[in-house]
Structures are given as C-alpha cells and as structure tokens.
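The values are calculated or read from the model by the stated rules, or taken from the named source; none is laboratory data. A quick note: this is a predicted structure, and the numbers were derived from the prediction, not measured. Here Cβ is always computed from backbone atoms with ideal geometry, including for glycine, and neighbour counts include all displayed protein chains. Heads up: the accessible areas ignore ligands, DNA and RNA and are worked out on the full protein's heavy atoms, side chains in. Shrake-Rupley method; radii C 1.70, N 1.55, O 1.52, S 1.80 Å.
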Amino acid sequence: MGLTQERGKRGEDLAADFLRAKGYTIVARNVRSPFGEIDLVCKEQDSLVFVEVRYRASSAFGRPEETVVGHKLLRMQRSAEWYVTHKNYAGDYRIDVIGITRTQGQMTHLRNVS
C-alpha cells in the first residue's frame, strides 16, 4: 500500500470512529460503483448516509471538505443512486462529507451536501 492509500485509510478510520461515536453504524467501506468509490456507507436511524472523507496534512491550500464540488459531487450522487438501486433500498438517504486536517487536529462533518 502506498503512502497516499495509507493516509486515505487513516482518514477513513478516523471518520468511521467519529461517526460511530455519534451513533452511526458503518454498513460498508470502499464501495466501488461504476461512477467511483464511496468511502463509507453508514446508517443513522432510518437513513443511509454516504460519506466522502477528505484527509489533508494541513489547510494551507483550503479546507479538505471544500474540495468535494462539481464533478466529484456529481459522481458521489450517481454512486449513491447506483447503490440504493443495486441494493433495492427504498428509504431515505443523503451524502455527507467529513474533512480532516491532521496538523490542526480538526474534523468537520458536513451533512446532506447534495
């Protein structure tokens, strides 16, 4: 596993721990769809939550959660739609983003970004 993958896994582990502490259940990790990868699929009460995790060493070039826009957000939406169709899920769902900045020790959770 390369350095980038190790950092990504570390960020996903931190985000999963954070969400579990908030009462979420982790359903799946690193789900591949025809449109891209979903970092975390969680359950919060009666809703599925698709989570994109962005982990950065610092916020020198902006906050990590601010990078989920445009094409990346569209791919997340399509991946979520693919997942609920593929799993025959008929309930509510949303897309969240978690941004983690290592040097500042910050974690930001943006709910329902789409």
Using heavy-atom solvent-accessible surface (probe 1.4 Å) with all chains present, what is the largest-first order of L74, L40? L74, L40
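Provide the packing ranking of 76-82, 33-39, 47-53, i.e. peptides ordered by the mean count of other C-beta atoms within 10 Å per residue, highest first.
On the way: 76-82: 18.4, 33-39: 16.7, 47-53: 22.9.
Per-residue mean Cβ counts within 10 Å order the peptides as 47-53, 76-82, 33-39.
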